[in-house]
1. Could you grab the pairs with beta carbons closer than 6 Å, sequence gap of 6+ or different chains, first residue in segment 81-98 and under 15 Å from Val5 (Cβ atoms), second one part of a helix (DSSP H, G or I) and of a type in the set (Ser, Thr, Tyr)?
2. Determine which single condition Asn122 fails, assuming it passes every other condition in (1) in contact (Cβ under 8 Å) with a residue 24 or more places away in the chain; (2) more than 23 Å from Val71 (Cα to Cα); (3) surrounded by fewer than 20 Cβ atoms within 10 Å (Cβ to Cβ).
3. In segment 83-115, what count of residues is obtained for those that are within 13 Å of the chain's Cα centre (by Cα), of a type in the set (Val, Ile, Thr) and farther than 17 Å from Gly10 by Cα?
4. So, Lys127, is that one surrounded by 15 or more Cβ atoms within 10 Å (Cβ to Cβ), more than 15 Å from the chain's Cα centre (by Cα) and under 20 Å from Arg24 (Cα atoms) or not?
5. In this structure, does Leu61 turn out to be out of contact with any Phe, Trp or Tyr (no Cβ under 6 Å at 6 or more places or on another chain) and closer than 30 Å to Asp149 by Cβ?
6. Against the condition of a type in the set (Val, Ile, Thr), in a helix (DSSP H, G or I) and either crowded, with 22+ Cβ neighbours inside 10 Å or out of contact with any Asp or Glu (no Cβ under 6 Å at 6 or more places or on another chain) (or both), how does Ile219 come out, does it pass?
7. Could you pull out the residue among Leu61, Leu38 that is without any contact (Cβ under 8 Å) to a residue 24 or more places away in the chain and either of a type in the set (Val, Ile, Thr) or surrounded by fewer than 21 Cβ atoms within 10 Å (Cβ to Cβ) (or both)?
8. Residues being out of contact with any helix residue (DSSP H, G or I) (no Cβ under 9 Å at 6 or more places or on another chain) and either within 14 Å of Leu197 (Cα to Cα) or not in a loop (DSSP other than H, G, I, E, B) (or both): count how many of those fall in segment 68-91.
Amino acid sequence: MRVSVITFPGSNCDHDAFAVFSSRGHSSKMIWHKDTDLEKPDLVILPGGFSYGDYLRCGALARFSPIVNEVISFAKKGGLVMGICNGFQVLTETGLLPGALMMNESLSFICKHQLVRVETANSPYTKGLAVGSVLDIPIAHKEGNYFIDKEGLKTLEDNDLIAFRYCDTKGQITRASNPNGALKNIAGVLNPARNILGMMPHPERSATDTVLTQDGRRIFEALESYYGTIA
């Protein structure tokens, strides 16, 4: 795959994403936020971090970076776009994904290992993953409390657009397993065309041999499996 990783002022997971894809044999490129050329990617990554210092609110200023207009155009043509943590926040600001990421219920920054349950196998990002399987993927955010109105939630649930939910070791969706107060324990969502994913957990932080869990690899393997069917 050809992967373009966007770098905003304040991004801090761009190099992690770049390194993971490069280590897996993909052609990875770093794209600066002021650029206007995505350089013909198969996949665009909006990485985690604190774009523009999270001024105003997370993702609100990054949405107006020149490169984001190209991301929007790419996504609307069916291109694969994955927003991780701050990238998820940017995607909701653009309207490419519904809902909003609010302040954690605790009002504190959370950085820890977190279990999530796969809710759908019907996406490029979860292809081949068993629905109900549990992944250990770290989180690191202060504004990860996902919210959407009642009608929007019904649309997500009726159309199988919830990708991941926070869960316990048995895969149960409980109040205690919800780290940030997210509505219905939602950790990641898809757009109706399923080419765009936003997720708060960081799979790029759980995809190498040097860390405690490699469950993030399963998401990258899913993307590779999907890409192999269309290449």
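1. Close Cβ pairs (under 6 Å, with a partner that is part of a helix (DSSP H, G or I) and of a type in the set (Ser, Thr, Tyr)) amount to Asn86/Ser51.
2. Checking Asn122 against (1) in contact (Cβ under 8 Å) with a residue 24 or more places away in the chain; (2) more than 23 Å from Val71 (Cα to Cα); (3) surrounded by fewer than 20 Cβ atoms within 10 Å (Cβ to Cβ), the one that fails is (2).
3. 1
4. yes
5. no
6. yes
7. Leu61
8. 8
Here, each number is a calculation from the coordinates, and none is a lab measurement. Bear in mind the structure is a predicted one, so any value in this text is a computation, not a measurement. So basically every Cβ, Gly included, is an ideal-geometry build from the backbone, and we count neighbours across all protein chains shown.
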